[in-house]
Structures are given as structure tokens and as C-alpha cells.
Amino acid sequence: MIRGKRVGLRALEHSDLGILKEWRNNPTFRKNFREVRELNSFNQELWFERTNKSANDFMFMIVNIENGEAIGAGGLLYINWINRSADFSFYIGYENKYIDDDGFAEEATSLLINYGFNNLNLNKIWMELYEFDNKKINFFKNIFNFKVDGCLRQNCFEEGRYWDSYIISLLNMDYNK
């Protein structure tokens, strides 16, 4: 386990699939994910098998160290070992928080970013966020200094209209100053 003061990152277990499916199928969360369809148990099993077999995906369960309760999920995915970049996946699922104000999200994000840059030797951690996902955009830009790399115009259809998506990233040299 990668331990912080209040949260830890531990390997995903098969027993986590139920809560992960519940969180992923939350309509408030799901609209912010690139995979917009509701997941069934079969989809969740396939994802779990693929992720666990992949040398390019590091997915973790975020847990409250005090009681061991699962509170979210996060990872560094689709790692390109030549460019040393990874797609950042992250949310706090407990109590439908998405990004919480309790400090769990901030600490878990710090642990993941530190692991990516200082253990996996990544150069860039990036993510795609839809323009209506203000909570995550503000969280990553304001707290962790992610920069907007670009805009994919009308890249998402939600609530009867097209929305832009932003590619945001953090470079190792900016993080480890």
C-alpha cells in the first residue's frame, strides 16, 4: 500500500468490483467519464482482468487509513513508456462526493502524482475533462497546477448539446521544482 496520513492507495481486489460498478454507474459521475454507458458485471469483470494483466495500467483503490473503508479509485493508465506519459483517472466515490472537500481527494491525488513521477519515472500526467466538469477542472488547475494543453471542440454530447473537452497535464519538471 502507498500510505499517506489519512488515505492509502492499495491494489484493486476482485471484491472491489461491486462498489466500483456502483460508483461508475452513478449518473452524476458517469456523464464525466469517457465510457458513458452503464456498466454491468460482465463489463466490470472484463475491465478488471484487462487492467490487472496490463503493464501499462496502474489502478488503485483509495482507502481511508483510519478504518480501511474504500472511498474512491484512481490510477495512471495507458502509460506510454516511450513518451513517459499516463492518463490520470480519479474520483472519490463514497457519499457521492466525486471530488471532496474533506482533503481525501487532495491527499490521494498527491500520492498518485508522486508515485507517477518519482516511482514510475513519468514525464507527463494528463487527463481529458469535459468543459462542464468544473469541479475537477478547478481542482486540478488550482491545487495541482495542471495546465491546459488543448481543447477538443464539441467532443462530448451530454444533456442535448455538444461540449468541448480539455486536455490538461502536469509535467514532472513543474511538479518536482
At least 20 Å along the helix axis (C-alpha) and Kyte average at least 0.0, DSSP helices within the chain: 104-118
Gaussian network model of the chain, Cα within-10 Å springs - most flexible of E69, E107, E128: E69
Pairs beyond 19 Å (Cα-Cα), from K124/K147; K5/K53; K31/K136; K53/K124: K5/K53; K53/K124
Where N is the number of residues in the chain, Cα Rg divided by 2.2 N^0.38 Å: 0.99
Farthest toward positive dipole pole in the chain [+1 Lys/Arg, -1 Asp/Glu at C-beta], among G74, L39, W23: G74
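For every helix of n ≥ 4 consecutive DSSP H residues, a contribution of -39,500 (n - 2.57) applies; sum these over the chain, divide by its total residues, and give [θ] at 222 nm rounded to the nearest 500 deg cm²/dmol. Could you put the intermediate results ahead of the total?
Working: 6 runs with 49 residues, N = 177.
Here the helix-only value at 222 nm equals -7500 deg cm²/dmol.
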Virtual spin-label span in nm between N96 and I2, 7 Å along Cα→Cβ: 3.0
Cα centroid separation, the stretch 140-161 to the stretch 32-76 (Å): 22
Length released on extending from K147 to D174, taking residue separation times 0.36 nm less the Cα-Cα span: 8.7 nm
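Can you sort D133, D16 by how many other beta carbons sit within 10 Å, fewest first?
Working: D133 21, D16 18.
The order, fewest Cβ neighbours first, is D16, D133.
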Gain upon complete extension [E45, R30; 0.36 nm per residue less C-alpha separation]: 3.6 nm
For the chain, size of Cβ-based charge dipole, Lys and Arg +1, Asp and Glu -1, in debye: 480
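All of the numbers you see were taken from the coordinates with simple rules; none came from a lab. For clarity, every value in this text was computed on a predicted model and none was experimentally measured. With ideal geometry, Cβ positions are generated from the backbone for all residues, glycine too; neighbour counts draw on all protein chains shown.
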